[in-house]
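A short worksheet on the structure shown next.
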Amino acid sequence: MVDYAMDIHKSLYHTADVPQDMVERRVEVVARLKALEDAAAPLVSFLQNPNAVQELRADKQYNLQMLNDRYQIGPDQIEALYQYAKFQFECGNYSGAADYLYQYRALCSNSERSLSALWGKLAAEILMQNWDIALEELNRLKEIIDSKSFSSPLNQVQSRIWLMHWSLFIFFNHDNGRTQIIDLFNQDKYLNAIQTSAPHLLRYLATAFIVNKRRRPQFKEFIKVIQQDQCSYKDPITEFLACVYVNYEFDGAQKKMKECEEVILNDPFLGKRVEEGNFSTVPLKYEFLENARLFIFETYCRIHQRIDMGVLFEKLNLNYEEGERWIVNLIRNSKLDAKIDSETGTVVMEPNRLNVYEQLIDHTKALQGRTYKLVSQLLEHAQAQPAR
């Protein structure tokens with residue numbers, strides 16, 4: 001990294017000379033690297049010998065005893081490997097750091113040190129953009145955080161928050177990331193951590209729900225979370241969902257869609273650009289806007305029986321020609337019972353489609369029936385108990 005800084009200095013100032021403090025810093029770094037290399041050399045030499053490595057077993061205590069008896073490698077050399085791997089990471093050699101940290105964890109008997117090495121391995125894989133391996137390390141780290149006994153619940157919450165922040169690099173680059181982020185962030189323990197300490201992460205969970213092709217049953221529960229947290233956290237993406245599913249405010253949803261577009265373009269994770277020839281695009285932006293229009297259309301159609309297409313297209317931010325083509329394809333592929341009346345320029349919902357209010361009445365009736373049945377069962381159980 002010192003050499004890299006020197007190259008940048010030469011490029012910026014168009015000179016072959018570099019400041020003396022950079023030269024001195026480079027001498028320090030090289031000396032430190034040589035010292036750590038010498039300290040870890042016996043163990044590194046062992047790990048580079050395939051025949052010797054075959055002697056290792058799953059039992060860490062056996063490995064430590066065997067290394068000490070046969071190769072005179074003890075705790076000091078194992079600790080030196082950790083420090084050497086850490087320094088390799090700081091020098092920008094992420095591949096070497098990842099390999100040494102993996103080997104260190106196989107030998108380390110200190111759980112805290114092993115956890116620290118796993119965080120380092122995850123960071124190295126992220127920086128090398130090895131998304132499949134990074135996802136494996138993320139899941140391994142999650143298992144440890146969820147099962148480990150922390151000194152206080154707050155430390156466990158903080159670890160979960162750090163894990164979710166680091167996971168953003170993976171989820172918005174991995175092919176299956178948009179599904180994985182829902183699986184992680186929407187778990188009760190992790191969602192509680194978001195609500196209490198990191199509400200800004202709701203933006204990414206909301207985006208994942210919107211762009212996910214398969215609508216999930218958890219989505220309705222997530223809308224309740226958005227409704228609960230409106231006072232403590234506001235974001236154009238979460239406000240869009242509130243407009244559509246909480247307040248049924250479609251003019252507001254239209255305005256929020258435009259704000260969401262700006263948010264996505266300026267967000268370091270959501271606004272990932274893909275180069276196509278001489279142009280760069282933001283694929284997630286188009287997916288988001290397409291699905292956002294679908295959300296508005298579906299909800300609007302469930303409330304109204306006859307919809308003026310001009311009004312609907314205005315709410316969807318589409319001109320009439322684009323809107324007509326979009327709505328024809330949508331009705332053809334969606335589950336909505338709707339048809340287009342070309343003469344009046346309207347979309348007509350079939351009579352058998354219940355509106356939101358009728359659905360609410362039906363759900364309330366069903367809830368009343370279940371409550372009555374539950375109370376009856378409790379009374380029967382109480383009556384069956386012998387008097388004391």
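The values are calculated or read from the model by the stated rules, or taken from the named source; none is laboratory data. What you see is a predicted model, and the numbers here were worked out from it, not measured in a lab. Here the Cβ positions follow ideal geometry from the backbone for every residue, glycine too, while neighbour counts run over all protein chains shown. The area values use the complete protein model at the heavy-atom level, side chains included, leaving out ligands, DNA and RNA. Shrake-Rupley method; radii C 1.70, N 1.55, O 1.52, S 1.80 Å.
In segment 249-264, the qualifying residues are those that are open to solvent by 30 Å² or more (accessible area, probe 1.4 Å) and within 26 Å of the chain's Cα centre (by Cα), and the one that is farthest from Leu312 (Cα to Cα) is Glu262.
Every condition in (1) part of a helix (DSSP H, G or I); (2) modelled with pLDDT under 85 is met by Ala58 except one, and the failing one is (1).
Just one of Ser109, Ser45, Ser95 is within 24 Å of Ala123 (Cβ to Cβ) and modelled with pLDDT of 90 or more; which is it?
On the way: Ser109 fails: modelled with pLDDT of 90 or more; Ser45 fails: within 24 Å of Ala123 (Cβ to Cβ).
Sole residue among the options that is within 24 Å of Ala123 (Cβ to Cβ) and modelled with pLDDT of 90 or more: Ser95.
Among the residues of segment 68-107, those that are out of contact with any Cys (no Cβ under 9 Å at 6 or more places or on another chain), free of Cβ contacts under 8 Å to residues at least 40 places away in the same chain, among the aliphatic types (A, V, I, L, M) and over 20 Å from Val30 (Cα atoms) comprise Ile73, Ala98, Leu101.
For segment 293-315, the criterion of a residue being within 18 Å of Arg203 (Cβ to Cβ) and at pLDDT below 95 is satisfied by at least one position. When restricted to residues that are open to solvent by 20 Å² or more (accessible area, probe 1.4 Å) and at pLDDT 95 or above, segment 217-244 contains 2.
Has segment 73-85 got any residue that is open to solvent by 20 Å² or more (accessible area, probe 1.4 Å), in contact with a helix residue (DSSP H, G or I) (Cβ under 7 Å, 6 or more places away or on another chain) and at pLDDT below 95? Looking for residues that are open to solvent by 20 Å² or more (accessible area, probe 1.4 Å), in contact with a helix residue (DSSP H, G or I) (Cβ under 7 Å, 6 or more places away or on another chain) and at pLDDT below 95, one finds at least one in segment 73-85, hence yes.
Within segment 55-72, track down each residue that is open to solvent by less than 50 Å² (accessible area, probe 1.4 Å) and either among the hydrophobic types (A, V, I, L, M, F, W, C) or closer than 25 Å to Lys34 by Cβ (or both). Hits for segment 55-72 are Leu56, Leu64, Met66, Leu67.
Scanning for something surrounded by fewer than 20 Cβ atoms within 10 Å (Cβ to Cβ), among the charged types (D, E, K, R) and under 30 Å from Asn68 (Cα atoms), does segment 109-117 turn up at least one residue?
The answer is yes, given that some residue of segment 109-117 is surrounded by fewer than 20 Cβ atoms within 10 Å (Cβ to Cβ), among the charged types (D, E, K, R) and under 30 Å from Asn68 (Cα atoms).
Step by step: first the residues of segment 42-54, then only those that are out of contact with any Ser or Thr (no Cβ under 9 Å at 6 or more places or on another chain) and without any contact (Cβ under 8 Å) to a residue 24 or more places away in the chain, then the one that is most open to solvent (accessible area, probe 1.4 Å). Which residue is that? So, considering only residues that are out of contact with any Ser or Thr (no Cβ under 9 Å at 6 or more places or on another chain) and without any contact (Cβ under 8 Å) to a residue 24 or more places away in the chain, the one most open to solvent (accessible area, probe 1.4 Å) is Gln54.
Inspect segment 8-24 for any residue being in a helix (DSSP H, G or I), in contact (Cβ under 8 Å) with a residue 60 or more places away in the chain and open to solvent by less than 60 Å² (accessible area, probe 1.4 Å) and give the result as yes or no. Spell out the reasoning first.
Filtering segment 8-24 down to residues in a helix (DSSP H, G or I) leaves 8-13, 20-24.
Next cut, in contact (Cβ under 8 Å) with a residue 60 or more places away in the chain only: none.
Among the residues of segment 8-24, not one is in a helix (DSSP H, G or I), in contact (Cβ under 8 Å) with a residue 60 or more places away in the chain and open to solvent by less than 60 Å² (accessible area, probe 1.4 Å), which makes the answer no.
Out of all the residues in segment 228-253, which are in a helix (DSSP H, G or I), of a type in the set (Asp, Glu) and within 22 Å of Asp267 (Cα to Cα)? Passing the criteria: only Glu239.
Please work out if Leu294 is under 21 Å from the mean Cα position of the chain (by Cα) and free of Cβ contacts under 8 Å to residues at least 60 places away in the same chain. Steps first, answer last, please.
On the way: under 21 Å from the mean Cα position of the chain (by Cα): no; free of Cβ contacts under 8 Å to residues at least 60 places away in the same chain: yes.
Criteria not met by Leu294.
Between Ala39, Ala31, the distinction of being of a type in the set (Gly, Ala, Ser), assigned to a helix (DSSP H, G or I) and surrounded by 14 or more Cβ atoms within 10 Å (Cβ to Cβ) belongs to Ala39 only.
There is no residue in segment 208-216 that is in a helix (DSSP H, G or I), open to solvent by 30 Å² or more (accessible area, probe 1.4 Å) and at pLDDT below 95. Residues being under 24 Å from Tyr4 (Cβ atoms), assigned to a helix (DSSP H, G or I), open to solvent by less than 80 Å² (accessible area, probe 1.4 Å) and among the β-branched types (Val, Ile, Thr) are represented in segment 123-131 by at least one member.
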